[in-house]
Amino acid sequence: MKKPRYRHAGNSALLMEFRDEPSQALSLYIMALSQHMARQADPRFLGYGTCGTTLLVEYDPQTITASKVAACCDGWMASLPPLDSILIASRLVDIPVHYNDRWTRACAEDYARTVTEMAPDFDFLVKANGCADADELIARHSSPLWWVAGVDFPGSPFLKPCGAQNRFVAPRYAIPRMQTPAGTVVLGDVFTMIYPTTTPDGHRMLGRTPISFYDPGLYASPHLDPSLITLRTGDRVRFRPISEDEFLAIEASVAAGSYHLRISDEREITYAEFLAGVTHG
Amino acid sequence: MAKSTILITSPGLQTTIQECPGRTPLRGHGVSAAGPLDDFSLRVANFLVGNALENAGIEIQFSGPEIVFEEDRRIALCGADNSPQKNGTPLEMWCAHDLRKGDRLSFGYPRTGARTYLAISGGIDTPPVLGSRATDMRLALGGFKGRAFEAGDRIPLGRKGIPDQKLLKLKNEYRPSYTKTWDIAVVRGPYDDFLSAADIELFLSAPWSVTGKSDRMGYWLKGPSFAFSQIAQKNAEENGGEPTSVISYGTPVGAINICGQTPIILLNDSFTVTGYACPFTVVSEDIRKVGQARPGDIIMFHETSPEAPSRDAYFFAHIHEFCAQVR
C-alpha cells in the first residue's frame with residue numbers, strides 16, 4: 001500500500017487520500033483500517049468516514065493537532081493485522097427494478113424545465129452507452145451480478161458490477177437535482193446506487209425499485225442497529241427487470257408488510273473470494 | 001409520572017429540537033450530524049438556565065413560535081434578536097428569565113441573523129434516537145416526531161423547575177453582533193488544487209452572496225466564476241464532464257462544494273459524502289456565523305491555519321466570568 005497523502009479538511013478533520021488505483025481491494029483495505037482505528041477508541045478521534053479511495057478522520061481540535069492525527073494514522077496503518085483472515089458473510093439478493101419508470105422520467109423532465117435543459121436521464125444513458133435501444137441498456141445493467149461494496153445510511157447500497165468490463169458512461173449533473181424519488185436506482189461509471197428516501201442528488205437515474213432498505217424500527221432505536229438494514233457489505237445482488245404493474249403490486253405488498261425479499265445462497269466467503277468475485281464475476 | 005410539557009400554540013417557520021454534538025459519531029455510517037447550526041448560542045443559553053451545555057434546546061428560524069408554559073421554568077434566548085416577549089413584555093436576549101405557569105412566550109422577526117436558540121431549565125426530554133435528540137428532518141429522525149413543530153404539539157421537558165442559582169446574563173461585550181456581511185475563516189483544502197492561483201485569490205477576496213436556496217443542508221452562494229486549474233481541466237476531460245466532479249469522498253460539516261460554478265457550504269444536515277471537489281472548508285467555530293447569515297447577506301472568506309487555537313475552549317472554561325447577575 002502506497003503511503004497516503006493527507007489533506008486538510010477544515011480544522012477538525014483530515015482526509016487520507018490513498019494513491020493506489022481505485023479497486024475493490026483498496027475499498028476493503030480502507031474499511032478494515034477504519035474499523036481498526038475505531039477499535040483503538042482514542043477519545044480525541046470523533047469519527048471515520050470511508051469511501052473508495054479515501055478515509056476522513058474527524059478529530060477534536062481542542063485535544064489534538066492535525067500533525068499528531070496524521071502520526072497516529074501512520075501508526076495504525078503499520079499495526080493493521082493481515083487482511084487474509086477476514087471472512088465476509090454474503091447472501092444473494094434479488095432486487096426487482098422497474099427501468100425507465102415514469103416517476104424518474106417526470107423528475108428529470110421537471111429538472112429540465114426548471115433548472116437546465118437536458119435529455120431525460122434514461123434516454124441520455126441509452127445514447128451515451130452506445131445502446132441500440134432501451135432494452136439493450138436494461139440488459140447490460142441487469143445481466144451482471146453486482147456486489148454490495150458499501151451501505152450508506154439508511155440502507156442505501158453502493159454496488160459494483162462483477163467483471164471489470166461492465167462499465168457505463170454516466171457523468172454527474174453540474175447542478176444537483178433537489179429531489180430524487182425514494183427507491184431510485186442511479187448509475188455512475190462503475191457503480192450503481194439506490195436511494196431509500198427522497199434526496200438531492202447529481203447522478204443519472206435508471207429506474208426505481210419498490211423494496212424497502214431498512215426496517216422502520218431502525219429510526220426508533222436509541223443506538224444504530226445494523227440488523228435492521230436490508231443489505232450488507234458483501235451481499236451479491238441480481239437486478240430483475242419488472243413492469244410498472246409489478247412495481248405497484250410489490251409496493252403495496254411492502255406497505256402491508258407482506259413482501260419477502262428473495263434471498264438465497266447464504267454463506268461466508270473469504271476476503272480473496274470477494275475480491276475475485278468483483279474483479280472476474 | 002407524566003412529563004411536564006410546553007404547549008406550542010403557533011409553530012413558527014421552522015422550529016426544531018437540536019442538541020450538541022448531534023449524531024457526529026455516526027457520520028462515518030452516513031448519518032447526518034444534525035444539531036444546532038449555531039452551537040455557541042445554544043451552549044450559552046443552556047449555561048444561563050443551569051443546564052449542561054449539551055442539553056437539548058429549541059432552534060428557531062426567522063419567524064418564531066408561540067409557546068405557553070405549563071409550569072415554572074427558567075429560560076434564556078441567544079442568537080439572532082427576534083424580539084422575544086413574555087405576555088407581550090419584551091425580554092432581553094442573552095439573559096435568563098423565570099417564567100411562571102401560564103406565561104406565553106412569543107417573537108417578532110430578527111433584523112439581522114437567522115436563528116435564535118431557546119434553552120429551558122431541565123432541557124428537552126424527547127426520546128434520543130441513534131444517540132441524539134437532534135432533529136434530522138430529511139430522515140424524520142429524533143427531535144419531536146422527527147419534524148418541525150406544529151400547532152398543538154406538547155413538547156416534553158426534563159425534570160427541573162427553576163434552578164438553584166442566581167439569574168445570570170452574558171455581559172454585553174461578549175454578545176456576538178450580527179451583521180449583513182460575514183467574515184468567515186476557512187482552511188485551504190482538501191481539493192484546493194482544483195482552483196488556479198487566480199481562482200484562489202478570487203475566492204478569498206470576492207463578496208459571495210447568500211442565495212435563497214440556502215438551508216440547514218447547505219448554503220448556496222453566488223459570485224464570480226472560476227477558470228479552474230490544469231488538474232481540474234484534465235479531470236473534466238477524463239470523466240467526460242465537470243471539472244469538479246470527483247470520486248466520492250467523506251467531508252466534514254463546513255466543506256465548500258463547487259458544483260459547476262456554485263459554491264455550496266455543506267452544513268449540519270448535509271450528506272456525509274460528496275462527489276464534488278471542495279477547495280476550502282469553514283473552520284468549526286465559524287459554522288455558527290454561516291448559520292446566522294440570511295439570503296441576501298454577503299459572505300467574505302479569509303484563510304486561516306488548520307491549527308489556529310480554539311476560542312471556545314477558553315470561553316466556555318471561563319464563561320461564569322463573562323456573565324453578570326441580573327439585577
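Quick note: the coordinates plus some simple rules give every number you see, no bench work behind them. Bear in mind that the values here come from a model prediction, so they are computed numbers and not experimental data. Every residue, glycine as well, gets a Cβ built from its backbone with ideal geometry; the counts of neighbours run over all protein chains shown.
Structural remarks
- Averaged over the residues of peptide A:219-225, the number of Cβ atoms from other protein chains lying within 10 Å of each residue's Cβ is 5.
- Treating r as the C-beta distance of A:Asp60 and A:Ser143 and R0 as 60 Å, the FRET efficiency rounds to 0.80.
- Among the listed pairs B:Lys3/B:Lys160; B:Lys180/B:Lys289; B:Lys86/B:Lys166, those beyond 18 Å (Cα-Cα): B:Lys86/B:Lys166
- Exposure proxy order (Cβ contacts within 10 Å, fewest to most) of A:Leu92, A:Leu187, B:Leu130: A:Leu92, A:Leu187, B:Leu130
- Cα centroid separation, segment B:115-129 to segment A:249-264 (Å): 39
- For peptides A:252-259, B:62-69, sequence by mean Cβ density within 10 Å, most packed first: B:62-69, A:252-259
- Helix B:230-239 axis, angle to chain B major axis (alpha carbon atoms, nearest 10°): 90
- Using a cutoff of 8 angstrom between alpha carbon atoms and counting only pairs six or more residues apart, the relative contact order for chain B works out to 20 percent.
- Helix content alone sets the calculated 222 nm mean residue ellipticity of chain A: runs of n ≥ 4 DSSP H residues at -39500 (n - 2.57) each, divided across all residues, give -9000 deg cm²/dmol.
- Shape call, segment B:118-207: gyration tensor on alpha carbons, a/c limit 1.5: oblate
- Percentage relative contact order, segment A:132-254, counting C-alpha pairs under 8 Å, at least six apart: 28
- Cross-link partners of A:Lys127 among aspartates and glutamates, defined as those whose alpha carbon lies under 16 angstrom from its own and excluding same-chain residues fewer than eight positions apart: A:Asp135, A:Glu136, A:Asp189.
- Loop sites in segment A:162-220: trypsin sites (Lys or Arg not before Pro), DSSP, at most 16 other Cβ within 10 Å: A:Arg167
- Structural descriptor for segment A:193-281: relative contact order 27 percent, calculated from alpha carbon pairs under 8 angstrom and at least 6 residues apart.
- Shielding score for B:270-282, defined as the mean number of other chain Cβ atoms within 10 Å: 4
- Counts of other chain beta carbons within 10 angstrom of each beta carbon in peptide A:105-116 average 0.
- Cut-off 10 Å between beta-carbons: net charge of the residues surrounding A:Asn11, Lys and Arg +1, Asp and Glu -1: -3
- Residues A:His141, B:His97, ranked from the fewest to the most other C-beta atoms within 10 Å, line up as B:His97, A:His141.
- Antiparallel DSSP beta bridges within chain A, percent to nearest 5: 90
- Neighbours of B:Leu195 by Cβ distance under 15 Å: Lys/Arg scored +1, Asp/Glu scored -1, total -3.
- Segment B:226-296-segment A:166-215 distance, computed between alpha-carbon centres (Å): 20
- Relative packing of A:77-89, A:37-49, which averages over residues the other C-beta atoms within 10 Å, highest first: A:37-49, A:77-89
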